Each structure stands twice: as structure tokens, then as C-alpha cells.
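Have a look at the structure below before the remarks.
The values are calculated or read from the model by the stated rules, or taken from the named source; none is laboratory data. All values derive from a computational prediction rather than experimental measurement. Because the Cβ atoms are built from the backbone with ideal geometry, glycine has one as well, and the counts that use them run over all protein chains shown. Remember, those area values only see protein heavy atoms, side chains included, never the ligands or the DNA or RNA. Shrake-Rupley method; radii C 1.70, N 1.55, O 1.52, S 1.80 Å.
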Amino acid sequence: MAIREIITAPDPRLKEVSKPVDKVDDGLRALMDDMLETMYAAPGIGLAAIQVGVPKQVIVMDLARDGEKPAPRYFINPEILWTSDDTAVYEEGCLSVPDMYEDVERPARCRVRYLDYQGEIREEECDELLATCLQHEMDHLKGILFIDHLSRVKRSMMLKKLIKQKKLQEKEPA
Ligand code: GNR
Ligand code: NI
């Protein structure tokens with residue numbers, strides 16, 4: 001397993017549309033293992049493959065709290081089958097939009113079909129943080145970031161800050 005570099009906005013790769021996976025094999029599982037390790041190290045609760053530069057429809061997630069037993073989840077080729085009409089607002093953050101948090105409104109519940117770590121087909125009804133996080137990750141697969149759900153004014157303010165952060169990073173690399 002290895003920790004990979006997480007791409008941050010603005011970067012054209014984050015706008016790429018990810019392609020479906022045609023086979024769940026050991027190569028894909030190695031990618032998912034790296035993604036999980038990268039996500040835990042960040043730390044974050046979800047990660048889409050495009051955030052490490054791989055445009056495949058792959059998501060890893062772990063919603064266990066501090067001190068709880070790890071509960072890794074894997075979603076390959078996820079499809080939303082249904083979303084509720086009622087919505088929920090959650091203060092979102094993103095590893096590709098470091099240190100910024102804003103409220104985002106999304107359907108409160110959804111039903112998803114996906115392939116798991118073994119390549120088995122599964123269906124699940126999601127609510128609360130799982131519904132929010134899954135929709136946030138599925139946006140990444142379409143090249144969408146949570147800041148794209150905000151007003152133009154908020155988004156351009158955040159993009160300005162992101163560009164400033166990058167310029168500072170260039171001056172003193174990690
Ligand atoms: O770690 C993360 N936390 C989070 C909080 C609220 C809503 C979504 C998320 S996902 C984010 C990790 C990430 O950027 N995934 O793409
Ligand atoms: Ni994100």
C-alpha cells in the first residue's frame with residue numbers, strides 16, 4: 001500500500017469525467033487500498049479516484065468515528081437509482097479544496113447500485129452522512145466539486161483563496 005498525492009483545485013484533472021471500471025481485479029483492489037490509506041492519512045471520510053489522478057469510477061469511504069472500529073466501504077461504478085425530494089444541508093469540506101467549508105443542500109436520502117471490493121453487485125439505501133458523502137464523491141466522478149454548488153460570488157472567492165494557497169506552496173514546497 002502507498003499514500004498517493006491528492007490533487008487540489010484549481011486543477012483541470014478534477015474536472016475530468018471518470019470512466020466506468022470494466023473489471024474488478026487485483027490491480028483495481030491495489031488502487032483502492034492506496035486510496036483508503038491516502039484517505040486515512042489525510043484524514044478524510046471519502047475519496048474518489050480522480051482525486052489521486054485516476055479517472056475511474058471508484059470511491060472509498062469510512063464513516064467510523066474516532067475510536068470506532070474502521071469500516072471501509074468501496075463503491076465501484078456507482079449509479080444513483082433514486083433520490084428523495086426532501087433535502088438536507090451539511091457543512092461540506094473536500095480534500096481537494098483544503099481548509100474550506102460551506103453548507104451544501106442535497107437530497108437527504110438516495111438509493112445506489114454499485115460493485116463492491118469483490119466485484120459483487122450491491123444496492124443500498126443511504127441517509128444522513130452516508131447520503132451526503134456518497135453524493136459528494138459521485139460529483140467528483142462527474143468532475144464536479146462542492147464549490148460548484150455555491151453561489152458564483154462564494155465560488156470565485158474560494159477559487160481566489162485556492163490560487164493564493166498554491167502560490168504560497170510553490171514558494172515553500174513541503
Ligand atoms: O473528508 C471529507 N469530509 C466531508 C465532509 C462533508 C461532506 C463531504 C465530505 S468528503 C471529504 C473528503 C473528500 O474530499 N472526498 O471527496
Ligand atoms: Ni471531495
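These residues, Arg155, Arg109, go from largest to smallest accessible area, 1.4 Å probe, as Arg109, Arg155.
Heavy-atom accessible area for Tyr101, with the other protein chains in place and a 1.4 Å probe, reaches approximately 130 Å². For a quick check of understanding: with a 1.4 angstrom probe and all protein chains in place, what accessible area in square angstrom does Glu16 have, to the nearest ten? For Glu16, solvent-accessible area is about 80 Å². Just so you know, the Cα atoms of the range 20-82 work out to an Rg and Dmax of 12.0, 36 Å.
The alpha-carbon of Lys69 sits under 16 angstrom from the alpha-carbons of these aspartates and glutamates, leaving out residues fewer than 8 places away in its chain: Glu37.
The calculated FRET efficiency for the pair Asp127 and Ala41, based on their C-beta separation and a Förster distance of 41 Å, comes to about 0.90. When Glu37, Glu170, Glu92 are compared by accessible area at a 1.4 angstrom probe, the order from most to least is Glu170, Glu37, Glu92. Basic side chains Lys and Arg get +1 at the Cβ, acidic Asp and Glu get -1 at the Cβ, and with that the dipole of the range 29-174 about its Cα centre reaches some 800 debye. Using C-alpha pairs under 8 Å with a sequence gap of at least 6, the mean separation divided by the residue count of the chain gives a relative contact order of 23 percent. Every Cα-Cα pair of the range 1-157 was included, and the share exceeding 20 Å stands at 47 percent.
Applying a threshold of 19 Å to the alpha-carbon distances of Lys19/Lys160; Lys15/Lys142; Lys15/Lys56; Lys15/Lys160; Lys142/Lys164; Lys23/Lys56 flags Lys19/Lys160; Lys142/Lys164 as lying beyond it.
Of Asp85, Asp25, Asp62, the residue with the largest accessible area leads and the full order is Asp85, Asp25, Asp62 (1.4 Å probe). The accessible area of Met35, taken with all protein chains in place and a 1.4 Å probe, comes to roughly 0 Å². Annotation for the range 95-143 versus the range 151-173: alpha-carbon center distance of 25 Å.
Any aspartates and glutamates with Cα under 20 Å of the Lys171 Cα? List them, leaving off those in the same chain fewer than 8 positions away. Within the straight-line limit of under 20 Å, Lys171 reaches these aspartates and glutamates: Glu5, Asp11, Asp99. Could you pull out which residues in the range 93-126 have an amide N less than 16 Å from a spot 7 Å beyond the Cα of Lys171, following the Cα-Cβ vector? Taking a point 7 Å out along Cα→Cβ of Lys171, no residue of the range 93-126 has its backbone N under 16 Å.
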